[in-house]
């Protein structure tokens, strides 16, 4: 490549990065002005975390924005963190588009990409980390759909370790399944103890999803796992660290329900892309 072409390519790249930065700042400033009209907000941070091109709308992008606000409350102020999706073409902003034929909100099709650093060794439950395809599963072991889907999907993929690397992230839904919170902690304890096939066995534990008695939850867990995990084991720093990491990744990629599947870094709404691989 000639020196002139190299300089031109560099100039175009810098121009593109500058425009992207300016647009991010425009989005952030617009939202800050909008939110500051709320008298209950005493502190506010707004940041564009991801930009996703909208395939169906030329020139439009979806912006994943994190909002960190401190709200007036008694007896003390309350901190609220939230991720939002906005659409913009650089001149106009809107919160959503709806496909007139399907009735589907385009917001439902937007998801941040799954960053390489989210694939931690501690989350790899089956397969070779250098396998051709990486599959990330977020699940609550007491979610009725997960109870059927997750074991079936894992059993299908684990037979081909050089084709699929399966990464699993605990995502209990405490408002729906309070018992799942303690179950996933117990699962992490069992994994730290070196037990095998913990995740698959987790879906065989039968306990009332509304159960809050830790001893009853652990009795059901230990019966299936052949372990002797005690309530005190659930609160170790190692267990907390693992759960916090899983929830952080879930928040970063905007997981809100279970099961949620990412296939090769992209959200798989069909949850079946792994079956399309020959």
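Each value in this text was obtained by applying a stated rule to the coordinates, not by laboratory testing. Because the structure is a prediction, the values reported are computed rather than measured. Here the Cβ positions follow ideal geometry from the backbone for every residue, glycine too, while neighbour counts run over all protein chains shown.
Hey, with R₀ at 30 Å, roughly what FRET efficiency would residue 55 and residue 121 work out to, going by the Cβ-Cβ distance, to 0.05? Write down the numbers at each step before the final one.
Details: r = 34 Å, r/R0 = 1.12.
Given R0 = 30 Å and the Cβ-Cβ separation, E is 0.35.
Want the number for residue 94 to residue 272: 0.36 nm per residue separation, take away the alpha-carbon distance, what's left?
Details: separation 178, 0.36 × 178 = 64.08 nm, distance 3.13 nm.
Extending this stretch completely gives an extra 60.9 nm.
Sticking with the crude label model, points 7 Å out along Cα→Cβ, report the distance from residue 210 to residue 228 in nm, one decimal please.
Distance between label points: 3.4 nm.
So which residue, out of 209, 131, 187, gets the largest mean-square fluctuation from a GNM of the chain using Cα contacts under 10 Å as springs?
Maximum among the listed residues: 131.
Which one, 44, 234, 183, has the greatest fluctuation when you compute a Gaussian network model over the chain with C-alpha springs under 10 angstrom?
44
Given the options 127, 257, 194, state which has the largest fluctuation in a GNM of the chain using a 10 Å cut-off (strictly under) for Cα springs.
Taking springs between Cα atoms under 10 Å, the residue moving most is 194.
Is it possible to state the helix-based mean residue ellipticity at 222 nm for the chain, with each DSSP H run of 4+ residues giving -39500 (n - 2.57), the sum divided by total residues, to the nearest 500 deg cm²/dmol? What is it? Mind showing how you got there, number by number?
Values: 6 runs with 95 residues, N = 278.
About -11500 deg cm²/dmol.
When a/c is below 1.5 the answer is rounded, else prolate if a/b is larger than b/c, else oblate, so apply that to the range 116-276 with a ≥ b ≥ c taken from the square roots of the Cα gyration tensor eigenvalues. All intermediate terms of the calculation are to be shown ahead of the outcome.
Values: a/c = 1.63, a/b = 1.54, b/c = 1.05.
It comes out prolate by the Cα gyration axes.
Residues in the range 39-68, backbone N under 18 Å from the label point at residue 33 (7 Å along the Cα-to-beta-carbon vector): list them, ranges by number please.
Label zone hits: 39, 44-48.
Take the Cα radius of gyration of the chain and divide it by 2.2 N^0.38 Å, with N its residue count; two decimals is plenty.
Numbers: Rg = 22.2 Å, N = 278, 2.2 N^0.38 = 18.7 Å.
The reported ratio for this selection is 1.19.
Whole-Å semi-axes of the range 34-109's equivalent ellipsoid, largest first, each the root of 5 times a Cα gyration tensor eigenvalue? List each step's numbers first, then the result.
Values: eigenvalues 183, 33, 23 Å².
Equivalent ellipsoid of the range 34-109: 30, 13, 11 Å, largest first.
Using label points projected 7 Å from each Cα along Cα→Cβ, tell me how many nm separate residue 24 and residue 152, to one decimal.
My value for the distance between the label points is 4.1 nm.
Simple spin-label model, 7 Å along Cα-to-Cβ: residue 44 to residue 101 in nm?
Each label point lies 7 Å from its Cα, and together they span 3.9 nm.
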